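Okay, structure first, notes after.
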Amino acid sequence: MGRNISFRDTYRITLAYILLTLGAIVFGLPFFWMLSTSLKPIEDVFLIPIKWIPNPIKWNNYVEALTAVPFGRYFINSTKITLLSIIGHLISCTLAAYGFARIPFKGRDILFFLLLGTMMLPSQVTIIPLFIIFKQLGWVNTHLPLYIPSFFGGAFYIFLLRQYFMTLPTELEEAAIIDGCGYMRIFWDIYLPLSKNALITVVIFSFMGSWNDFFRPLIFINSPDKFTVPLGLAGFRSEMGNYWHYLMAASVVAVIPCILLYFFFQRYFIEGIALTGLKS
Amino acid sequence: MKLLKSKKLRINLIGYGFVLLSVLGIFFFNLGPMISSFYLAFCNYDIITPPKFIGLTNFYSILFNDKIFWRAFVNTVYYVGVSVPLRLFLAFLIAILLNQKIRGMGIYRTIFYLPTVTSGVAMALIWTWVLNPSFGIINMVLNFFGIQGPAWLGDPKWAMPGIILVALWQVGTQVVIFLSGLQNVPIQFYEAAEIDGAGGFKKHLFITIPLISPIFFFNLVIGIIQSFQVFDKVYIMTAGGPANATIVYVMYLYEKAFTWLQMGYGSALAWILFFIIMMLTLLQFRFSKWVYYEGGR
């Protein structure tokens, strides 16, 4: 019996490794191309068939790309906006999601569908009126339009967290209500700690969304000292397309924080939590 | 009676308190732009001169006199209908694979997420290369098996499947959502199933899928909302061609609003799309009995 299981496990693990490695080749390809292009001389960038291993390796592309524009400034701007957005989303979206998931207040469904509705109108037709609103607030060419809205919710994150909260058994809060706990205590002491993985997911997405956002900074920011990293990258593109190797070098640097953050946080996704003290 | 009423009032107030910030957000940042685009849908508006009210003319022209609109609509339905189920299935499969306890998993997980964070330009160039009829990797692989690959983006019949193929690459977000959902499945359930002799496949069919059905539901609803608005990929790869074979809804809307400066017409298009997506979303909620919520509804 014991040997049987271990044979099944070896079989399972080998199969998993084969599938994962095949998948990793397919999914790793774009990034590998980026990396390889970032180390090529410009004349090799568009060679077909693709030259995967750059020869000679031009490490200098990185130095030149990063000194051509004030990337340090862009990094600081992006970091500030991204961190504030994450904090905003964590506060506003968790509260709203709990309200929508667990408190049967009047008009809840209408409000919830109104919230979902904000995702259903293409931004192409809402961006101009939105620009006018920010202009009247005096927020244009500041970072405010890029992070203040995060403190006022976000349909995607609220819907996501609501779904997680609704997977938790209600017995938890029924017991808590009998103990005389208020909704705020239940939210804080039970729902948040049990949804760590959901919160991590929100942090990852909020980070990516903010860090890689190109469209909104492009519309709302015009002074170069307020630029974010994606706007800085666009600079390489506009100049006749002759700087692909620099663009890729800068893109690799820009994507490293995303990769590190994801690598660091994915460790918390482990199979199965043991819900101790719960009905099993 | 009075006591019951005041308790109801209290619950209402607490509820509003929790959702206050996001309701304010809707009023500050969404409702204004939504109302103004709704008004413009009934106007002739070229962005330069003030809008002129023309009633239902835009809607009438779109529905009865606009062949490209119907083309874009059909193409979008095709894209949504094929890509949403495929992506959902692929993302779930990858998430299950990435949820094994084996060494080096962090690296694998990160690699599968890479296309989702890789810069848009790099992705665009890679896509067109992958689908290149003579040098692209897909046709090279097909060639290896003795199959003559299609011209993909150059062929009206194969351009949309090509775009869908690229969309499959970017399932990273859905994978992460599934992966974090899998963590919510209490390990006791699996142990019980193993004692009962359930194998891997049965285990997932009868335990994992019901327990993470709220997450499935989320990915389905969001997947439909987002793929009806597919734009970037198409704009970069084909710009709607060849011969309008890949013109999609928002691509057409964008052309009307910004290339032809028919903002009123574009807004009317946007609101028709809004209506379609909203109806589909409401239907999904209406028929969501298959979604199992541990704590009830």
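Here B:V230 fits the description: more than 10 Å from chain A (Cβ to nearest Cβ), within 24 Å of A:Y157 (Cβ to Cβ), outside any helix (DSSP H, G or I) and touching a residue at least 60 places away in the same chain (Cβ under 8 Å). How do the pairs read when you match residues in the stretch A:109-129 that are more than 7 Å from every other protein chain (Cβ to nearest Cβ) with residues anywhere that are assigned to a helix (DSSP H, G or I) and not small (G, A, S), using Cβ under 6 Å and keeping only pairs 6 or more apart or on different chains? Hits for this filter: A:F112/A:F100. The set of residues from the stretch B:6-56 being part of a helix (DSSP H, G or I) and β-branched (V, I, T) comprises B:I11, B:I14, B:V19, B:V23, B:I26, B:I35.
Restricting to the stretch A:165-191, what's the tally of residues that are under 30 Å from B:Q174 (Cα atoms) and either in contact with a Phe, Trp or Tyr (Cβ under 9 Å, 6 or more places away or on another chain) or not in a helix (DSSP H, G or I) (or both)? Full working, then the answer.
Quick first cut of the stretch A:165-191, residues under 30 Å from B:Q174 (Cα atoms) only: A:165-173, A:186-191.
From what's left, either in contact with a Phe, Trp or Tyr (Cβ under 9 Å, 6 or more places away or on another chain) or not in a helix (DSSP H, G or I) (or both): A:165-170, A:172-173, A:186-187, A:191.
Number satisfying all stated conditions: 11.
Answer with yes or no whether B:I94 is assigned by TED's automatic domain parsing to the domain that holds B:V230 and not in a helix (DSSP H, G or I). Taking the combined requirement at face value, the residue does not satisfy it.
Matching residues to (1) at pLDDT below 90; (2) in a loop (DSSP other than H, G, I, E, B); (3) over 30 Å from B:R103 (Cβ atoms):
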residue	(1), (2), (3)
A:V202	no, no, no
A:S210	no, no, yes
A:R237	yes, no, yes
A:G241	yes, yes, yes
A:G272	yes, yes, no
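Exactly one residue out of B:F69, B:F29, B:F89 is surrounded by fewer than 21 Cβ atoms within 10 Å (Cβ to Cβ) and closer than 28 Å to A:P129 by Cβ, and it is B:F29.
When you check B:I137 against the structure, is it at the interface with chain A (Cβ under 10 Å from one of its Cβ atoms), at pLDDT below 85 and either crowded, with 22+ Cβ neighbours inside 10 Å or within 22 Å of the chain's Cα centre (by Cα) (or both), yes or no? Taking the combined requirement at face value, the residue does not satisfy it. For residues that are over 19 Å from B:V185 (Cβ atoms) and within 11 Å of chain B (Cβ to nearest Cβ), scanning just the stretch A:187-202, find the one that is surrounded by the most Cβ atoms within 10 Å (Cβ to Cβ). Residue satisfying both the conditions and the ranking: A:V202. Suppose we keep only residues that are basic (K, R) and at pLDDT 95 or above within the stretch B:68-102. Which one would you say is nearest to B:G223 (Cα to Cα)? My answer is B:R87.
The sole residue among A:P104, A:P149 that is in a helix (DSSP H, G or I) and assigned by TED's automatic domain parsing to the domain that holds A:A234 is A:P149. With respect to B:Y16, determine if the residue is outside the structural domain of B:F258 (by TED's automatic domain parsing), within 22 Å of A:P122 (Cβ to Cβ) and more than 25 Å from the chain's Cα centre (by Cα). Considered against the rule, which asks whether it is outside the structural domain of B:F258 (by TED's automatic domain parsing), within 22 Å of A:P122 (Cβ to Cβ) and more than 25 Å from the chain's Cα centre (by Cα), B:Y16 comes out as no. Filtering the stretch A:180-198 to residues that are of a type in the set (S, T, Y) and out of contact with any Asp or Glu (no Cβ under 9 Å at 6 or more places or on another chain) leaves only A:S195.
Is it the case that some residue within the stretch A:138-145 is assigned to a helix (DSSP H, G or I), at the interface with another protein chain (Cβ under 9 Å from one of its Cβ atoms), modelled with pLDDT of 90 or more and surrounded by fewer than 22 Cβ atoms within 10 Å (Cβ to Cβ)? Scanning the stretch A:138-145, I find no residue that is assigned to a helix (DSSP H, G or I), at the interface with another protein chain (Cβ under 9 Å from one of its Cβ atoms), modelled with pLDDT of 90 or more and surrounded by fewer than 22 Cβ atoms within 10 Å (Cβ to Cβ), so the answer is no.
So, in the stretch B:242-297, of the ones that are more than 20 Å from A:L116 (Cα to Cα) and among the β-branched types (V, I, T), which residue ends up farthest from the other protein chains (Cβ to nearest Cβ)? Only one residue fits best here, namely B:T246.
The set of residues in the stretch A:9-59 being touching a helix residue (DSSP H, G or I) at 6+ places or on another chain (Cβ under 6 Å), among the polar types (S, T, N, Q) and facing chain B (nearest Cβ under 9 Å) consists of A:T37 alone.
Taken as a whole, the structure places B:E255 among residues that are closer than 14 Å to A:Q124 by Cα and acidic (D, E). The lone criterion from (1) crowded, with 20+ Cβ neighbours inside 10 Å; (2) closer than 30 Å to B:S180 by Cβ; (3) touching a residue at least 60 places away in the same chain (Cβ under 8 Å) left unmet by B:Y108 is number (3). Test A:T82 against the criterion of being assigned to a helix (DSSP H, G or I), hydroxyl-bearing (S, T, Y) and either touching a residue at least 12 places away in the same chain (Cβ under 8 Å) or in contact with a Lys or Arg (Cβ under 9 Å, 6 or more places away or on another chain) (or both), and give yes or no. Answer is yes for this residue.
The values are calculated or read from the model by the stated rules, or taken from the named source; none is laboratory data. Because the structure is a prediction, the values reported are computed rather than measured. Positions of Cβ are backbone-derived with ideal geometry, glycine not excepted, and every protein chain shown enters the neighbour counts.
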